[in-house]
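Read the figures in this text as sums done on the coordinates, not as results from a lab. It should be emphasised that the depicted structure is a prediction, and the values quoted were computed from it without experimental measurement.
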Amino acid sequence: MRGPAITPSLPGRPELPTRGERFDELVLDTVREIDTRWQDRLGLVEYAVEDTPQLPDDWSGETVPLASLVRGHGTTPTRLVVFRRPIEHRCETRPELEAMVLTVLVEQVAELLGMDAEDVDPRYSSDD
């Protein structure tokens, strides 16, 4: 079958959210919960989702990064980027994807705050 399964109400715009849009919404929901709890300690943090990390040609790492954390200084915000495709590649179901996004974000925020990931979010489990 080719073409949309549902006729869009607005021409040129899909009726259902794309895979990327659903992932963005999942990250945004998770970030809201974490950021609300830790805003007073986090300061200015810019969250983003990118499809894949830009790896140098001479990359020799065993695994592709799932996220990137670049600390800000002065008026430059800290930037936390989650990489959609490597995370999706590791998950088979929606609950696995939700757990992986939570794990990645909690671990990055824990690194930023200098605390244990278990203390950042009670839903975090180190066996994930």
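For every helix of n ≥ 4 consecutive DSSP H residues, a contribution of -39,500 (n - 2.57) applies; sum these over the chain, divide by its total residues, and give [θ] at 222 nm rounded to the nearest 500 deg cm²/dmol. Mind dumping the intermediate values first?
Numbers: 4 runs with 54 residues, N = 128.
The helix-only estimate for the chain comes to -13500 deg cm²/dmol at 222 nm.
If you take Cα extents along the principal axes in Å from the coordinates, which of [x] 50, 38, 35; [y] 46, 38, 29; [z] 40, 40, 29 do you get?
[x]
Amide H of Met115 versus every other amide H placed in the peptide plane: which residues, excluding those fewer than 5 positions away on the same chain, fall under 5 Å?
When sequence neighbours closer than 5 places are left aside, there are no close amide H contacts.
Would you mind telling me the antiparallel percentage of the DSSP bridges in the chain, rounded to 5?
Among the beta bridges of the chain, antiparallel pairing accounts for roughly 40 percent.
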